[in-house]
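*Asks:* One structure, pasted below without further comment.
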Amino acid sequence: MPVWLITALMLVCSNLFMTYAWYGHLKTLSGKPWYIAALISWGIALGEYLIQVPANRIGFTKLSLGELKIMQEAITLSVFIPFSIFFMHQSFKLDYIWAGLCVMGAVYFIFRGG
């Protein structure tokens, strides 16, 4: 399997953890004090880091730092939008498409090899 694909798949997994750690508590722990939500979120974020750090180390063997960063941003948006719609029950906004197109432009420019 190519390094970029291994890295991307691992970053998708890590981003699922991080998106939940950052925003899931707004729904699931809304009745708890903020410090309880923070401690639980830190525990979830540990899972993210246990996947994200090796993903970036693997990716950095073939990808530049800029490529890793832009890949992460594209993955973040592709994980966040379904999370926000399906888990947090937020309405879809046309701005998600425009933001996605901007990120895809960034992906193009960082990976075009120019």
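*Asks:* Could you tell me which residue of segment 30-62 is farthest from residue 81 (Cα to Cα), considering only residues that are over 18 Å from the mean Cα position of the chain (by Cα) and either crowded, with 16+ Cβ neighbours inside 10 Å or of a type in the set (D, E, K, R) (or both)?
*Replies:* Of all residues in segment 30-62, those over 18 Å from the mean Cα position of the chain (by Cα) come to 30-40, 61-62.
Still in the list and also either crowded, with 16+ Cβ neighbours inside 10 Å or of a type in the set (D, E, K, R) (or both): 32, 37, 40, 62.
On the way: 32: 25, 37: 22, 40: 23, 62: 28 Å.
Out of the qualifying residues, it is 62.
*Asks:* Which residue pairs have Cβ atoms under 8 Å apart, sit 6 or more places apart or on different chains, and have a first residue in segment 22-35 that is among the aromatic types (Phe, Trp, Tyr) and a second that is not in a helix (DSSP H, G or I)?
*Replies:* These pairs meet every condition: 23/88.
*Asks:* Could I ask something else about it? So in segment 91-106, with the set limited to residues that are hydrophobic (A, V, I, L, M, F, W, C) and open to solvent by 80 Å² or more (accessible area, probe 1.4 Å), which one is nearest to residue 65 (Cα to Cα)? Don't jump to the end; show me each part of the working.
*Replies:* Narrowing segment 91-106 to residues hydrophobic (A, V, I, L, M, F, W, C): 92, 94, 97-99, 101-104, 106.
Imposing the further condition that a residue be open to solvent by 80 Å² or more (accessible area, probe 1.4 Å) reduces the set to 92, 94, 98, 101-102, 104.
Details: 92: 32, 94: 30, 98: 25, 101: 21, 102: 19, 104: 17 Å.
Here the residue is 104.
The values are calculated or read from the model by the stated rules, or taken from the named source; none is laboratory data. Remember, it's a predicted structure, so these values are computed and weren't measured experimentally. All Cβ positions, even for glycine, are placed from backbone atoms using ideal geometry, and neighbour counts span all protein chains on display. When the accessible area is computed, the model is the full protein with side chains, heavy atoms only, and any ligands, DNA or RNA have been set aside. Shrake-Rupley method; radii C 1.70, N 1.55, O 1.52, S 1.80 Å.
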